Amino acid sequence: MDLLGFILYLLLTITLLQALHSIRRRSEPRSKLPPGPAPLPVIGNLLNLGVKPHKSMAELAKTHGPIMSLKLGQVTAVIISSSALAKEILQKQDLAFSFRTIPNALQACGQHKYSVIWLPVSDRWRSLRKIMASNMFSGTRLDANQNLRREKVKELISYAEKCCQDGVAVDIGRAAFTTSLNMLSNTVFSVDLADLSLDSSKEFRDLICNITAEAGKPNLVDYFPVLAKIDPQGIRKRMTVHFMKILQLFGQLIDERLNLRKLHKTNAEKDVLDILLNLSHEIDRTHIERMCLDLFVAGTDTTSSTIEWAMAELLHNPDLLKKVKAELEQTIGKGKPIKESDISQLPYLRSIVKETMRIHPSVPILFHKTEITDVEVYGFTIPKGAQVLINFWAIGRDPSIWKNPTTFIPERFLESEIDVRGQDFELIPFGAGRRMCPGLPLAMRMVPVVLGSLINSFDWKLEGGIAPGELDMEEKFGFTLQKAQPLRAIPLHM
């Protein structure tokens with residue numbers, strides 16, 4: 001039997017099983033699921049998702065409400081599209097929803113068994129979170145590494161200066177990615193993994209982009225778990241190749257460090273790798289490699305996409321660019337380097353970052369799951385085993401919260417106390433509750449400094465003579481929300 005015939009056979013079997021299950025359940029009391037569109041046989045509401053699920057689900061929520069249910073193949077999914085319900089899920093009942101739905105693609109190489117992102121709340125998960133918080137993202141650790149990050153920003157500005165002299169465009173997303181990558185790689189391994197001028201980050205960036213693209217693709221296995229073993233679209237197989245390449249690189253770096261430690265040739269200034277190797281009683285080598293995989297996948301693409309979107313919005317709205325340039329000139333001085341300690345004095349720059357995260361969240365949908373029991377939310381029953389999808393993109397564009405929600409208006413945050421740190425559920429790009437992204441402190445240092453440095457060092461014009469109003473602002477859906485067309489702009493002397 002060929003693959004297609006086998007899949008059709010399985011789908012027919014699933015249909016029969018569902019029909020028998022439905023007959024058996026007719027006489028049983030039914031729990032009150034949230035409302036939603038009527039599902040089709042077998043595939044349920046899969047066709048309702050479209051190519052941009054975050055937008056499709058936001059449109060469906062206008063009809064069915066901020067809590068709705070979809071039948072996605074064999075899977076029951078509950079979609080959350082309001083800040084009040086997000087607070088209920090992520091704060092008031094966060095233990096019940098502390099499990100994560102693990103896409104089949106991200107089970108490649110058994111990553112979910114080691115990853116702090118996907119592990120269930122447990123002693124092992126708490127231990128790994130504590131290690132990350134104290135040795136990577138604590139204020140003391142971040143302060144100790146800020147000179148290193150400043151040096152990487154200088155390299156970015158030097159690269160842009162060369163492009164300025166040559167009259168060539170900077171690929172903003174790629175340049176931001178390389179800078180973010182080297183900030184992380186120097187913090188963890190004390191090495192650059194890429195060179196801006198040689199475009200040597202392309203292979204690593206392609207790997208990360210391939211991972212986020214594969215993770216964001218609609219995968220039959222996620223909707224029909226019985227297909228997991230055959231992986232009909234080959235997504236997990238391709239993800240395994242991508243993961244193995246990155247893990248092999250990290251393995252080589254760890255081997256080199258272990259050899260140096262045997263020869264007593266390590267640096268007096270300990271980096272994160274040295275600290276983790278010294279914690280061998282708490283974390284083994286496999287967990288170190290997998291933690292690095294989490295860190296580099298989650299911390300490079302998301303940061304660079306936020307910077308690219310922010311620059312795109314400013315070049316799309318020249319009046320806003322003038323305002324932030326004026327703030328930087330008045331507070332820092334035209335063309336002068338920006339330090340992390342300066343960010344607190346730059347409210348308009350901070351507002352631009354918040355507004356970017358509101359309208360272009362790097363992760364548009366967060367996946368949770370009920371694992372232990374049915375859960376009651378706002379009078380509805382979310383059954384055990386259901387997926388819970390929190391649509392950050394929809395919450396950030398909710399007209400009941402935000403005036404002119406689809407317009408980029410940084411000024412909305414100048415007189416607002418709303419922040420991104422997980423207490424204001426109108427704006428939760430890093431999530432909230434016990435599963436909140438641990439990298440928030442680092443991101444909120446890196447993004448404003450890199451963005452502000454690009455703005456304060458040059459004037460910019462779009463490549464190809466594109467007028468600001470003609471800039472393509474379309475999104476490309478994946479596990480992270482990318483700009484469909486890369487932003488390319490030419491730096492000019494001010």
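The values are calculated or read from the model by the stated rules, or taken from the named source; none is laboratory data. Being a predicted model, the structure only gives us computed values, none of them experimental. In this analysis, Cβ positions are derived from the backbone assuming ideal geometry, glycine residues included, and neighbour counts consider all displayed protein chains. To get the accessible areas, we keep the full protein, side chains included, count just its heavy atoms, and leave off ligands, DNA and RNA. Shrake-Rupley method; radii C 1.70, N 1.55, O 1.52, S 1.80 Å.
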For the chain, calculate the relative contact order in percent as a whole number, restricting contacts to Cα pairs under 8 Å that are 6 or more residues apart.
23
Per 0.36 nm of contour for each residue apart, how much would the distance between Thr373 and Ala326 grow if the chain were fully extended, relative to their Cα-Cα spacing?
11.4 nm
Per 10 angstrom bin, beginning at 0 and ending with the bin that holds the maximum distance, the Cα pairs of segment 142-208 fall in percents of 21, 53, 24, 3
Label-point separation, Asp255 to Asp166 (7 Å along Cα→Cβ), nm
3.5
Which distance in nm do the two modelled labels at Leu492 and Lys339 give, with both placed 7 Å along the Cα-to-Cβ direction?
3.2
Please compute the Kirkwood hydrodynamic radius of segment 242-291 from all pairs of different C-alpha atoms, in Å with one decimal.
11.5
What is the projected area of the convex hull of the Cα atoms of segment 187-234, averaged over all directions, in nm²?
5.2
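Provide His64, His360 ordered by accessible surface of protein heavy atoms (probe 1.4 Å), highest first.
From most exposed to least exposed: His64, His360.
What are the semi-axes of the equivalent ellipsoid of segment 293-419, taken as the square roots of 5 times the eigenvalues of the Cα gyration tensor, listed largest first and rounded to whole Å?
35, 18, 13
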Karplus (6.51, -1.76, 1.60) ³J(HN,Hα), θ = phi - 60°, over segment 277-294, in Hz, Gly and Pro reported as x:
5, 6, 9, 4, 6, 10, 8, 8, 4, 4, 5, 5, 4, 6, 5, 5, 4, 4
Mind listing the long-range amide H neighbours of Leu72? Cut-off is under 5 Å, sequence gap 5 or more, other chains count too, H placed in the peptide plane at 1.01 Å from N.
Asn45, Ala77
Ordering 298-308, 39-49, 412-422, 464-474 by per-residue average of other C-beta atoms within 10 angstrom, highest first, gives 298-308, 39-49, 412-422, 464-474
In Å², rounded to a whole number, the accessible area per residue of segment 59-168 with probe 1.4 Å is 42
Tell me the label-point distance for the pair Ala84, Lys130, using the 7 Å Cα-to-Cβ offset, in nm and rounded to one decimal.
3.9
Please list, ordered by chain and number, the residues whose modelled amide H lies under 5 Å from the amide H of Glu475; skip anything fewer than 5 residues away on the same chain.
Ala484
Leaving out ligands, DNA and RNA but keeping every protein chain, what accessible area does Val191 have, in Å² rounded to the nearest 10, with a 1.4 Å probe?
50
FRET E, pair Met436, Lys262, Förster distance 45 Å, beta-carbon r, rounded to 0.05
0.70
Note the full-extension length gain between Thr406 and Val121 as 0.36 nm times their separation in residues minus their Cα-Cα distance, in nm to one decimal.
99.0 nm
Taking a 1.4 Å probe, which of Glu151, Glu475 shows the most accessible area, and what order do the others take after it?
Glu151, Glu475
Working note, the chain: Cα radius of gyration (Å, one decimal) and Dmax (Å, whole number) are 23.5, 77
Phi-based couplings in Hz for segment 83-95 (Karplus 6.51, -1.76, 1.60; Gly and Pro marked x):
5, 5, 6, 4, 5, 4, 6, 8, 10, 6, 10, 5, 5
So what are the ³J(HN,Hα) numbers for segment 421-431, from phi and the Karplus equation (6.51, -1.76, 1.60; θ = phi - 60°), rounded to whole Hz, Gly and Pro as x?
8, x, 9, 10, 7, 6, 9, 10, x, 9, x
With all protein chains in place and a 1.4 Å probe, Lys270 shows an accessible area in Å² (nearest 10) of 110
How large a share of the accessible area of the chain, in percent, is made up of carbon and sulfur atoms when the probe is 1.4 Å and the other protein chains stay in place?
55
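Which net charge results for the neighbourhood of Ile235, defined as the other residues with beta-carbon distances under 15 angstrom from its beta-carbon, given Lys and Arg at +1 and Asp and Glu at -1?
On the way: positive: Lys217, Lys229, Arg236, Lys237, Arg238; negative: Glu214, Asp222, Asp231.
Here the charged neighbours net out to +2.
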Report the accessible area of Val363, computed with a 1.4 Å probe over the heavy atoms of all protein chains in place, in Å² rounded to the nearest 10.
30
